Amino acid sequence: MKSKTEAIIIGSMNLGEADKLVTFFSLDRGMLKGVAKNARKSFRRFGAGLETFTYCRLHLYEREHQELLRIESSDIITQPARICEDLIRSAAGAVMLELVKELAPAGERNASAFLLLAHTLQLLNAGEDPSFLLRIFEIKFLSLLGYQPKLDHCLSCGKEPKGEMIFHGMKGGVLCLDCMVSSGEPQVKLSQGAAGFYYQALRMEMDKVCRLRPSAAIMQELDRMFSAHTFHILGKGLKSMEFLTSIKTFERTVDCK
Ligand SMILES: [Zn+2]
């Protein structure tokens, strides 16, 4: 059976002598994998249409009971080529793609999540701040997939915390200082300002959020909170996030010299 879908290429690996195994996030059926026969030799059919970050229309062929689809061809809709011109920009984009790959269910349509990724990559390509975009993407994407953390009420007593809160990764929400029992582990503190910005970013459209300028302290708090949150959802850290952090640390060291 033949079909076509809009898709964003998440990544690919070589398969045999000439083929490619391509992972993509599709508008119609969520995360999918497909084999592009002869992709490393036939430039006419695929061109740059299977490059990571490409937004394209894929022409597919599938047989019943066969897990892998066959990718017949790819028409590029937009190629965000500027993402790969900058190391931090491409590393931040890679974290977004890894989040999608790890969290979006295979074969399940989620048009809002797809459009969010397409729009965010477009803004990343246009030169918006990569770290800021990544944070906003994380806030919105996790919520669209049902992993929204609870930051407005204490998970234990139900009260609205007035001051600083502690984020509890395993419970996916905050505890007020009265309810927090120290386990000896490093605590992820969250201020009212950070929680306020989180809900604002969640409600607002992406273009409008990009006009906001939260403080560096708020962004750092949300960075730590989301690291703890995704770690507990996935049971592991994101590899691409480690890479992004190491480049940022390196750049800061170079700047200080
Ligand atoms: Zn409490």
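The values are calculated or read from the model by the stated rules, or taken from the named source; none is laboratory data. This is a predicted model, so every value here is computed, not measured. Quick reminder, even Gly has a Cβ in these numbers, built from the backbone with ideal geometry, and neighbours come from all protein chains shown. For the accessible areas, the whole protein counts, side chains as well, though only heavy atoms, and no ligand, DNA or RNA atoms are used. Shrake-Rupley method; radii C 1.70, N 1.55, O 1.52, S 1.80 Å.
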- Can you tell me which residues in segment 148-183 are part of a strand (DSSP E or B), more than 7 Å from the ligand (Cβ to nearest atom) and hydrophobic (A, V, I, L, M, F, W, C)? 165, 166, 167, 174
- Query: Since residue 124 meets every condition but one in (1) open to solvent by less than 30 Å² (accessible area, probe 1.4 Å); (2) away from the ligand (no atom under 16 Å from the Cβ); (3) within 18 Å of residue 234 (Cβ to Cβ), which condition does it not meet?
  - Reply: (3)
- Could you run through segment 35-57 and say how many residues are in contact with a Phe, Trp or Tyr (Cβ under 7 Å, 6 or more places away or on another chain) and either within 17 Å of residue 2 (Cβ to Cβ) or open to solvent by 30 Å² or more (accessible area, probe 1.4 Å) (or both)? 1
- Across segment 73-108, the tally of residues that are in contact (Cβ under 8 Å) with a residue 60 or more places away in the chain, within 20 Å of residue 20 (Cβ to Cβ) and part of a loop (DSSP other than H, G, I, E, B) stands at 0
- What pairs come up if the first residue lies in segment 146-175 and is surrounded by 14 or more Cβ atoms within 10 Å (Cβ to Cβ), the second is of a type in the set (Ser, Thr, Tyr) and part of a loop (DSSP other than H, G, I, E, B), and their beta carbons are under 7 Å apart, counting only those six or more places apart or on different chains? 164/191; 175/156
- Message: Checking the conditions here, which among 141, 132 is aromatic (Phe, Trp, Tyr), open to solvent by less than 10 Å² (accessible area, probe 1.4 Å) and either touching a residue at least 12 places away in the same chain (Cβ under 8 Å) or within 16 Å of the ligand (Cβ to nearest atom) (or both)?
- Response: 141
- Task: Please indicate, with yes or no, whether at least one residue in segment 249-257 is surrounded by 14 or more Cβ atoms within 10 Å (Cβ to Cβ) and not polar (S, T, N, Q).
- Result: no
- How many residues, within segment 203-233, are open to solvent by less than 40 Å² (accessible area, probe 1.4 Å), touching a residue at least 40 places away in the same chain (Cβ under 8 Å) and not hydroxyl-bearing (Ser, Thr, Tyr)? 9
- Taking only segment 206-257 into account, find how many residues are over 20 Å from the mean Cα position of the chain (by Cα) and among the polar types (S, T, N, Q). 3
- Item | Failed item in (1) open to solvent by less than 70 Å² (accessible area, probe 1.4 Å); (2) in contact (Cβ under 8 Å) with a residue 60 or more places away in the chain; (3) not aromatic (Phe, Trp, Tyr), with residue 20 passing the rest | (2)
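For the structure I just gave you, tell me whether residue 114 is under 18 Å from the mean Cα position of the chain (by Cα), under 22 Å from residue 23 (Cβ atoms), away from the ligand (no atom under 16 Å from the Cβ) and not in a loop (DSSP other than H, G, I, E, B).
Working: under 18 Å from the mean Cα position of the chain (by Cα): yes; under 22 Å from residue 23 (Cβ atoms): yes; away from the ligand (no atom under 16 Å from the Cβ): yes; not in a loop (DSSP other than H, G, I, E, B): yes.
Judged against the criteria, residue 114 is a match.
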